[in-house]
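The values are calculated or read from the model by the stated rules, or taken from the named source; none is laboratory data. What you see is a predicted model; the values in this text were computed from it and never measured. Virtual Cβ from ideal backbone geometry, glycine too; neighbours counted across all protein chains shown.
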Amino acid sequence: MLERKPSDVTELDSDLADVAARLRRSTVQVVPGNGRGSGLIARADGTIVTNAHVAHGKRAKVVFDDGRELDGEVVAKARERDLAAIRVDARDLPVAEFRDIRTLRTGELVFAMGNPLDLVGALTSGIIHSVDRSARRVVADLTLLPGNSGGPLADAHGRVVGVNSMVVNGLAVAIGASVVKRFIASPSERPYIGIIAQPVQVPVMGERRLGLLITDVADRSPADRAHLMPGRIVIGVGGTLLNSPDDLAVAVDDSDVGGSLRLDILDGERVGGIDILVGDASRAPRAA
């Protein structure tokens with residue numbers, strides 16, 4: 001076992017206390033009326049991000065580290081990502097710093113900040129268990145309790161790598177920073193193309209590769225307008241072959257509404273391309 005000098009231990013204690021203080025300043029309590037959760041200051045202009053399952057209704061009270069209590073409006077929700085944005089009338093708030101989860105390694109030290117069981121600004125530590133880059137999730141071996149939802153998961157430098165969302169088999173699951181940042185940038189927009197597909201194995205250039213068989217195309221959706229029909233097989237996006245069934249969903253999620261997304265389609269033994277203008281699911285036509 002490595003021996004540490006008292007001065008080393010003191011310095012380590014001070015560093016961890018600084019990380020906790022920095023996280024606490026950018027973490028808030030979210031009180032939707034029934035229970036208490038956590039949130040993260042995402043923008044200095046008063047934008048708070050939390051879980052969709054924390055932000056009940058259209059209003060929520062936000063309590064800051066300095067004791068201020070402000071009424072907030074729930075301005076956007078993305079239930080499929082379990083994210084919600086709350087807007088409060090405040091300026092010059094201490095914004096959290098984010099880190100790209102693609103640089104995370106299994107075994108790294110991480111911290112969860114939140115308000116579990118009405119304990120304000122509580123910190124718990126653990127290590128990275130795994131990083132699901134396709135689904136943009138971070139899984140950590142640390143303890144989350146009711147009230148931690150919506151709070152930050154951060155590295156040893158206090159940089160946020162995700163927003164804590166749930167516990168699965170005793171492990172903490174956080175929504176990755178890239179998904180959170182994109183939601184913050186356009187909280188009311190949800191990129192979509194309007195297809196349902198299932199994984200299949202197909203021959204591509206003499207090899208068996210993953211494909212996505214389109215089983216349904218929503219009427220008047222971007223895919224429908226691009227004349228993409230059920231029965232077609234997607235094998236890649238923008239010239240990059242699929243490696244996971246989630247790759248297409250991730251590509252759509254990372255796209256700009258109104259931008260073009262090129263799908264690589266297997267047509268017999270040939271590969272062609274279809275360009276689709278990505279739509280906004282919140283404005284998608286509804287069936288009568």
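Within region 41-58, is there a residue that is farther than 30 Å from ASP254 by Cα and assigned by TED's automatic domain parsing to the domain that holds LEU153?
Kept after step one, since they are farther than 30 Å from ASP254 by Cα, are these residues of region 41-58: none.
Looking for residues that are farther than 30 Å from ASP254 by Cα and assigned by TED's automatic domain parsing to the domain that holds LEU153, one finds none in region 41-58, hence no.
For GLY162, state whether it is assigned to a loop (DSSP other than H, G, I, E, B) and crowded, with 24+ Cβ neighbours inside 10 Å. So GLY162 does not fit the description; no.
Take region 181-198 and flag every residue that is in contact with a Leu (Cβ under 6 Å, 6 or more places away or on another chain) and not in a helix (DSSP H, G or I). Answer for region 181-198, where residues must be in contact with a Leu (Cβ under 6 Å, 6 or more places away or on another chain) and not in a helix (DSSP H, G or I): ALA197, GLN198.
Determine, yes or no, whether ASP82 is assigned by TED's automatic domain parsing to the domain that holds ASP45, surrounded by fewer than 20 Cβ atoms within 10 Å (Cβ to Cβ) and not hydrophobic (A, V, I, L, M, F, W, C). So that I can check it myself, show each step before the final result.
Values: assigned by TED's automatic domain parsing to the domain that holds ASP45: yes; surrounded by fewer than 20 Cβ atoms within 10 Å (Cβ to Cβ): no; not hydrophobic (A, V, I, L, M, F, W, C): yes.
Judged against the criteria, ASP82 is not a match.
Restricting to region 94-121, name every residue that is surrounded by fewer than 20 Cβ atoms within 10 Å (Cβ to Cβ) and under 26 Å from ASP45 (Cα atoms). Across region 94-121, the qualifying residues are PRO94, VAL95, GLU97, ARG99, ASP100, VAL120, GLY121. For region 244-261, the count of residues that are touching a strand residue (DSSP E or B) at 6+ places or on another chain (Cβ under 8 Å) and either in a strand (DSSP E or B) or assigned by TED's automatic domain parsing to the domain that holds ARG79 (or both) is nonzero. Screening region 124-158 for residues that are of a type in the set (Gly, Ala, Ser) and part of a loop (DSSP other than H, G, I, E, B) and picking the one that is nearest to ARG36 (Cα to Cα) gives GLY147.
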